[in-house]
Structures are given as C-alpha cells and as structure tokens.
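One structure below.
The values are calculated or read from the model by the stated rules, or taken from the named source; none is laboratory data. For clarity, every value in this text was computed on a predicted model and none was experimentally measured. Glycine gets a Cβ as well: all are built from the backbone with ideal geometry, and neighbour counts include every protein chain shown.
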Amino acid sequence: MKHNVIITPDKVIVDGNELKHNEKGSALLTELYRNHIGDYPKFFKMDTLSKLGFITSELLLNIEGDRDFEPREDRAVILFNRNASLQADTHYQSTIQDPKHFFPSPAAFVYTLPNIVTGEIAIRNKYFGETSFIVIDDYDEQIIMKNLINAFQDPVTTSIIGGWVDCSDEEHFEAKIFLMEK
Amino acid sequence: MIVCAAHNIISPLGNTSAENYAAVKSGKSALRKYDGLWRLPESFVASLLDRNAFTDERHTIDEQIVIASISKALEQTEIDVRSSKVLFIISTTKGNVFLLDKREKGFTQERVRLGVMAREVTKHFGNHNEPIVVSNACISGVCAQIEAMRYLESGEFDFVIVCGVDVQSAFIVSGFQSFKALSPDECKPFDANRCGLNLGDAAATIIYTKKDKANDNEWVACRGAIRNDANHISGPSRVGEGSFRALRIALSDLDPEKIAFINAHGTATLYNDEMESIAIERAGLADVPVNSLKGYYGHTMGAAGVLETIISMQAVDDHNILGTRGFDTLGVTHHLDVSNQNRSTEKRAFIKLLSGFGGCNAALLMAKGGLK
C-alpha cells in the first residue's frame, strides 16, 4: 500500500498527517475542492458519494506525484461501502413520491448507482482499467484486502485505487482510500 | 478451471433454466404493456413477475426469488451450503429500493441496504460468511461471475453461489423514463427502428467450483474482464473503448472461428447497440454471430449477466444460436451478423458482453469443456 487518505465529516488525514480545514460535513467537501482541486466544475453536479470519492482520490493522486492524465488501462478503481447510493436514492425518491409533484430527472437518477463514483474517477484520470463497486454491510478490512489482491488476477491490472467510500446522507460520510501496487 | 456446477433462472418465462430456454427458443416473451401501474403517469412495456404469487411475508419479492433460484440450483448438487467454504455473491443494482417509497409497509428501512438483503439470503441458507454484493450497474451479473472466478482461483472458497436479481418498481421505471430510454413498444435490438429498452424482473443463479480438469460436457468460465470507457457516466463511448478493451482480453489468443456467438447487451437503445457494433468490429469479431435476449426478457439489470450466460450455455448445448427477437433490419453503422431466427452451430464457446452507466463494460468467455 503506497498512500492513503481518510475523510470524515470533521477530519482529513493524508498519509497519517491531518490536513487543516475550517468546514465540516458537506461544506468540508466543497472547501477541499476549492483549496486542492478547483479545475473540475463537474464536481458540483455530483451526488455526495461521488463528491466524496472524487475528492479523496484527488488528494491521494496529488501525493502520488505529477498528474499527467495520460490514458492508462493498468490502474483499477475498486471501491466498497455499506449504503450503496442511499443518499442519491433518497433524493431521487423525493422527486417521485408525490404524484402531484412528480419530477424525476436523469441528473438525479444517474447517481442512484454506487458505481458512478468509480466512473467519475476513471473519467477524471482517463483510466480505461477495471472499475468496480462492492457492497458489504460492515467495514471489514480483511474482506476488502482479499478482494483487491484477487483483482490483480486481471492480466493488465498493476495498480488499484481501492478502499471504502460510504455516505448515508449529505452530512454523514466516511472515506478511506488507498493506492495499492502489484 | 472454473466450472459451472449448477444453474437456475426464475423469470416470467419459467422457474427453471430448462423452462426458460424452451420458452426463448420457441420465441416467447413476457413483455406486456402496463398502463397506470404503480401510479406512474406514463405507460411502459416490461417483463414482470406476478406480484401476487409471492406470499412469504418475511421476505421481499427480491429476496424470495433469490432464495427460490438458489434453492433450485442447489437441488442439482450435493453442496453443504452452510460450509465456510461456500461464498454467496449477489449481483443487483437496486435490490429492495422500493422500500424507500413512504407508502410501503411491512419491512424496516434498513432492508433497503443491499448488504442487509444479502444477509437475509445467507441467513435463510444457514451460511455464516459475509455475502458480497456486486453493484456495478447493468454489468453487475458478469462482474459477479468474474469475482467468483477470482475467489475460486485464490483457493479461499470451494463453491461460489452467484445470484443476480432485480425487481422492477416505480423508482426504476420512472428513472429510465426520465432518461427517455424506454421504448413505448417491445424493444428492437440492433434494428434500424429501435427506440429504447424494456425493463424486466428476474433472478438467476450459477454455482461455480474449481476443478483440475473439466469434462467435455462441463461449462468452463475461461476469462473475463471489466473495463471503463473513461468517457461519460451516462452515455457509452463513441468508439466503444471499454467494451473493445474488455472483449480483447476475453478473446485473447483465441481464434474467433471457435466462437459460436457473442451474446451482446443489445438493449435496443440507439447508443448502446451502436457502441457495441463498433467495439465488436474493433475487436476483430465482426463475422461472429451476435444476438440479444432483451426482446424476450427486457433488461433484467442485476440479473442480466447471469441469466443471459445461462440461456447462452443452454443454446450452445442445443447447437443453437438464438434469434434476436424484435430485430428486423440492421440499424447500426458497423457490420454485425444478427438474425431474428434461430440458427444452428457446432461451436462450443461464446462471449457474454455487457455495458452500463458509469462507463463500465464487461466481457466473459465461456467454453464447453474448456479451451482445447
């Protein structure tokens, strides 16, 4: 495991060092975006799960070194969580609950899939490699590590952005993402 | 070698794999038009199970068809399902999402979590391993099989039970309607007049195990790959990048002449089918027959990859390339060999291809008796 980043509603830890910030919860994600990324306005369209996974992966890749955004197929993005896309699901359900105020939208519906966050990371970094999303009901490092080691059975994969990205609503989330090399 | 030990399909076309295959072979479909169902303002065409047939009040319909499908697959084997060497992998996109509807009663909200739903299933079978839920949009069913292959290769488990499931609801149908992705009539995969997909209910199970050698009649999951388009979260790559790359690995050094057919995703949306034609041609497979099963089942989402693999295995067993129901005139820009008629084949391998939201794509090579 090369580098890791942890983000909770009130803490940001990059390779074991706490990163200074002022905000908490959803505002923290926006603050991190403005201070450390800033050049990817698609961020504002994302649901909380994608924002969280995107920001965490950006902080992770920033410590890896120069970002050249060269297309590559040998890096996989394999993430896990407990609540799948619950925040986006709840939001989408609110748009169809009342027949008198029925306004389903593609922009809300597309995020009702947990693997969208892996696609967002692949798009940002031009990763043509494997992307996958797995749900387990409790965080279990052993299950996650075994699964990621298995993923190196792919003949091309040499590197994985892996770990846990979970959110139950806009203010409650937890990400622990790391970079793993074969 | 990773070998298929048993399988089952529960769908509107039948409750066994054999019933399902026979129905498809004879051209049957469960696609019907529904008007006013689930208080949806727009009508839609879908392949739905009879909701009244599910009477177990302890389990949701999703859970009931998963349990029924796995039970029927297990009946064909001697597996001790409670063993710590047996792993359950569930493939689903939306699981019990209908429980988010405030009008739904009878189950706690936590049941909407996919891991809780999966635990209900393993609890039923008395298995104590933590179930894995693959939720990779429409490619989940192939991803779950690739996961199973890896777990068996690693030696951690002796048997992996893969079950794909999705049951349609107002949530899913309204979402696809908002995307303008649904066809007002029965879908027409790869056809010039295709205008969208239909959705469907199903559960499908494959039990995989590892063997040193497969006999001539055993189905071997040879290799599979998952690749991303790195292009768009809700539209496929215009150059079929992810599907092409996944196909390239599934095919590897195999002579395309050995492949009976590619069972494509073939949802009958304009963009999906066009993208697949590009990817298949780029992979050098333009002369291999292609079919889609969406005209029989609609798009069964989390079940699709498992269900369509099972139907395709039976088709090869029957020396048959199933016709693509709903297809008439080729309507993609790259050459594909598609037919609405069943055709005969003596070949013993096929590729299952899928793609989905999030830019994900997956391909799986299956061969009867393994690759010689």
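Can you find, within region A:85-100, the residue that is nearest to A:Asn62 (Cα to Cα) among those that are modelled with pLDDT under 95 and more than 8 Å from every other protein chain (Cβ to nearest Cβ)?
A:Asp98
Is there any pair linking a residue in region A:39-57 that is in contact (Cβ under 8 Å) with a residue 40 or more places away in the chain to one that is part of a helix (DSSP H, G or I) and of a type in the set (S, T, N, Q), with Cβ under 7 Å and at least six apart or on different chains, and which?
Within 7 Å, the pairs are A:Asp47/A:Gln87; A:Thr48/A:Ser26; A:Thr48/A:Gln87; A:Leu49/A:Gln87.
Starting from residues that are more than 7 Å from chain B (Cβ to nearest Cβ) and hydrophobic (A, V, I, L, M, F, W, C), keep the ones in region A:105-122 and report whichever is surrounded by the most Cβ atoms within 10 Å (Cβ to Cβ).
The extreme case among them is A:Val117.
Which of the residues that make up region B:48-86 are hydrophobic (A, V, I, L, M, F, W, C) and free of Cβ contacts under 8 Å to residues at least 60 places away in the same chain?
First, the residues of region B:48-86 that are hydrophobic (A, V, I, L, M, F, W, C): B:48-49, B:53-54, B:61, B:65-68, B:70, B:73-74, B:79, B:81, B:86.
B:Ala53, B:Phe54, B:Ile67 - these are the residues of region B:48-86 that are hydrophobic (A, V, I, L, M, F, W, C) and free of Cβ contacts under 8 Å to residues at least 60 places away in the same chain.
Just one of the numbered conditions (1) at the interface with another protein chain (Cβ under 7 Å from one of its Cβ atoms); (2) outside any helix (DSSP H, G or I); (3) touching a residue at least 40 places away in the same chain (Cβ under 8 Å); (4) of a type in the set (Ser, Thr, Tyr) is not true of A:Tyr139; which one?
Among (1) at the interface with another protein chain (Cβ under 7 Å from one of its Cβ atoms); (2) outside any helix (DSSP H, G or I); (3) touching a residue at least 40 places away in the same chain (Cβ under 8 Å); (4) of a type in the set (Ser, Thr, Tyr), A:Tyr139 violates only (1).
Among the residues that make up region A:123-130, is at least one of them within 7 Å of chain B (Cβ to nearest Cβ) and assigned to a helix (DSSP H, G or I)?
Yes: one or more hits.
State whether one or more residues within region A:156-170 are in a loop (DSSP other than H, G, I, E, B) and away from every other protein chain (no Cβ under 11 Å). Before you say what the answer is, go through the steps one by one.
Residues of region A:156-170 that are in a loop (DSSP other than H, G, I, E, B), as a first pass: A:156-158, A:170.
Filter once more, keeping what is away from every other protein chain (no Cβ under 11 Å): A:158, A:170.
Scanning region A:156-170, I find at least one residue that is in a loop (DSSP other than H, G, I, E, B) and away from every other protein chain (no Cβ under 11 Å), so the answer is yes.
The rows are residues; the columns are (1) away from chain A (no Cβ under 11 Å); (2) without any contact (Cβ under 8 Å) to a residue 24 or more places away in the chain; (3) buried (at least 17 other Cβ atoms within 10 Å of the Cβ).
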position: B:Phe88; (1), (2), (3): yes, no, yes
position: B:Thr93; (1), (2), (3): no, no, yes
position: B:Lys105; (1), (2), (3): yes, yes, no
position: B:Gln109; (1), (2), (3): no, yes, no
position: B:Val121; (1), (2), (3): yes, no, yes
position: B:Asn136; (1), (2), (3): no, no, yes
position: B:Ala144; (1), (2), (3): no, no, yes
position: B:Ser154; (1), (2), (3): no, yes, no
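When region B:156-166 is examined, which residues are found to be assigned to a strand (DSSP E or B), more than 19 Å from B:Ile311 (Cβ to Cβ) and within 13 Å of chain A (Cβ to nearest Cβ)?
B:Val160
Inspect region B:248-270 for any residue being touching a helix residue (DSSP H, G or I) at 6+ places or on another chain (Cβ under 7 Å), in contact (Cβ under 8 Å) with a residue 40 or more places away in the chain and within 14 Å of another protein chain (Cβ to nearest Cβ) and give the result as yes or no.
Within region B:248-270 (the criterion being touching a helix residue (DSSP H, G or I) at 6+ places or on another chain (Cβ under 7 Å), in contact (Cβ under 8 Å) with a residue 40 or more places away in the chain and within 14 Å of another protein chain (Cβ to nearest Cβ)), the answer is no, since none of the residues qualifies.
Pairs please, first residue from region B:1-27 and free of Cβ contacts under 8 Å to residues at least 12 places away in the same chain, second anywhere and surrounded by fewer than 21 Cβ atoms within 10 Å (Cβ to Cβ) and hydrophobic (A, V, I, L, M, F, W, C), Cβ atoms under 7 Å, 6+ apart in sequence or on different chains.
B:Gly14/B:Ala23
Across region B:239-263, what is the total count of residues that are part of a loop (DSSP other than H, G, I, E, B) and either modelled with pLDDT under 95 or among the acidic types (Asp, Glu) (or both)?
The total comes to 2.
I need a count of the residues in region A:1-23 that are farther than 15 Å from A:Val165 by Cα and without any contact (Cβ under 8 Å) to a residue 40 or more places away in the chain.
So the count comes out to 8.
Give me the residue from region B:167-185 that is in a helix (DSSP H, G or I) and either without any contact (Cβ under 8 Å) to a residue 40 or more places away in the chain or under 13 Å from B:Ile2 (Cα atoms) (or both) and, out of that set, farthest from the other protein chains (Cβ to nearest Cβ).
Filtering first and then ranking leaves B:Phe176.
Among what's in region B:1-54 and is touching a strand residue (DSSP E or B) at 6+ places or on another chain (Cβ under 7 Å) and aromatic (Phe, Trp, Tyr), pick the residue that is nearest to B:Ser183 (Cα to Cα).
Here the residue is B:Phe44.
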